[in-house]
Amino acid sequence: MFTDRTEAAGLLAEALSHYRGQNPLVLAIPRGAVGMAALIARRLQGDLDLVLVRKLHAPGAPEFAIGAVDESGWLYLSSHASSVGATPDYVEEQKALQMQELARRRQLYTPGRLRKDAQGRVVIVVDDGLATGATMIAALHSVRQRHPARLVCAVPVGAPESVRLVQEHADEVVCLDTPRRFSAVGQFYGSFPQLEDDEVIALLRSAESPAAGENRTA
């Protein structure tokens, strides 16, 4: 059990300390992981940015993922999708809805700004946990197309089977705990509030401020 995302991020930063000084690019999956990634980027003297992906919801169960889509439209569909009633038409409808949300978030979070360059760099993709692993797989696929030197998945907690799935898509997976009894990421946090859009924007602006740059090089 982690007290909150801040404690979990601090522990992840320790586990990733071998990348300190290598100018890693730390990418957050919004919204919950943005504060975590900001802390990790500061501790590792790296850059902070976002990787935008969205999970596809199971019919009648908005918290259960049947897959995920990235900004290019690349789709990862979980093996259990059809067994929970996700027909091809339903999947296409979900994909279209989530692509709209991805476009909205990109315009809101990073208006007029290019993504930070990932080519040839250590890139660390951060989330607050792996339930099905779908969003992380979509995120790793998206980043892999940008030719990083090393692609790392970093999460505090994950379902064992999901961690195994994600390992096929990353050069390294750093996961602090893989409990056998896993129903939802939030069960492993004492405090697990949802972040709002304005909080994400504030974290990104803070990371770009001169003071943040001074902290990274201190």
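The values are calculated or read from the model by the stated rules, or taken from the named source; none is laboratory data. If you're wondering where the values come from, they're calculated on a predicted model, not measured in any experiment. Note that we place each Cβ from the backbone using ideal geometry, even for glycine, and neighbour counts take in every protein chain shown. Ligands, DNA and RNA are excluded from the accessible area calculation, which covers all protein heavy atoms including side chains. Shrake-Rupley method; radii C 1.70, N 1.55, O 1.52, S 1.80 Å.
At 0.36 nm per residue, minus the direct Cα-Cα distance, what do Leu108 and Arg181 gain on full extension? Give it in nm, one decimal, please.
That pair, Leu108 and Arg181, stretches by 22.6 nm at full extension.
What are the trypsin sites (Lys or Arg not before Pro) within segment 129-204 that DSSP puts in a loop, where the Cβ has at most 12 other Cβ atoms within 10 Å?
Arg180, Arg181
Provide, as a two-decimal number, the C-alpha radius of gyration of segment 101-147 over 2.2 N^0.38 Å, N being how many residues it has.
Rounded to two decimals, the normalised Rg is 1.29.
Please report the Cα spread of the chain along all three principal axes, rounded to whole Å, starting with the longest.
Projected onto its principal axes, the Cα set of the chain covers 53, 40, 32 Å.
With a Förster radius of 45 Å, plug the Cβ-Cβ distance of His18 and Asp198 into 1/(1 + (r/R0)^6) and report the FRET value to the nearest 0.05.
0.85
Whenever you get a sec, compute what percent of the accessible area on the chain sits on carbon and sulfur atoms (1.4 Å probe).
Here carbon and sulfur together make up 49 percent of the probe-accessible area.
Can you compute 3J(HN,Hα) from phi for each residue in segment 39-49, using the Karplus curve 6.51 cos²θ - 1.76 cosθ + 1.60 with θ = phi - 60°, rounded to whole Hz and x for Gly and Pro?
Karplus-based 3J(HN,Hα) across segment 39-49 equals 5, 5, 4, 5, 5, 9, 6, x, 9, 10, 7 Hz.
So what are segment 129-171's ellipsoid semi-axes, whole angstrom, largest first, if each one is the square root of 5 times an eigenvalue of the alpha-carbon gyration tensor? Can you show the working numbers first?
Numbers: eigenvalues 66, 18, 14 Å².
After diagonalising the Cα gyration tensor, the semi-axes are 18, 10, 8 Å.
How big is the charge dipole of segment 122-218 about its Cα centre, in debye rounded to the nearest 20, if each Lys and Arg gets +1 on its Cβ and each Asp and Glu gets -1 on its Cβ?
Roughly 380 debye, rounded to the nearest 20.
Quick one: Debye curve from the alpha-carbon atoms of segment 62-183 only, equal weights, vacuum; give me log10 I(q)/I(0) at q = 0.09, 0.13, 0.14, 0.20 Å⁻¹ to two decimals.
Normalising to I(0) and taking log10 leaves -0.27, -0.57, -0.66, -1.22.
Taking Cα centroids, how far is segment 51-68 from segment 72-90 in Å?
Each part's Cα centre sits 9 Å from the other's.
Keeping all protein chains in place, calculate the accessible area per residue for segment 105-174 (probe 1.4 angstrom), answer in Å².
Numbers: 2760 Å² over 70 residues.
Ligands and nucleic acids excluded, the figure is 39 Å² per residue.
Could you tell me the relative contact order of segment 117-180? Use alpha-carbon pairs under 8 Å, at least six residues apart, and round to a whole percent.
It rounds to 37 percent for segment 117-180.
Ranked from the most accessible area to the least, with a 1.4 Å probe and all protein chains present, what is the order of Glu93, Glu71?
Result, largest first: Glu93, Glu71.
When N is the residue count of segment 1-101, what does its C-alpha Rg come to as a fraction of 2.2 N^0.38 Å?
Normalised by 2.2 N^0.38 Å, the Cα Rg of segment 1-101 equals 1.32.
Using the Cβ atoms and a cut-off under 14 Å, what net charge is assigned to the surroundings of Ser79, where Lys and Arg are +1 and Asp and Glu are -1?
-1
Can you give the three extents of the C-alpha atoms in segment 68-132 along their principal axes, from longest to shortest, in whole Å?
39, 24, 21
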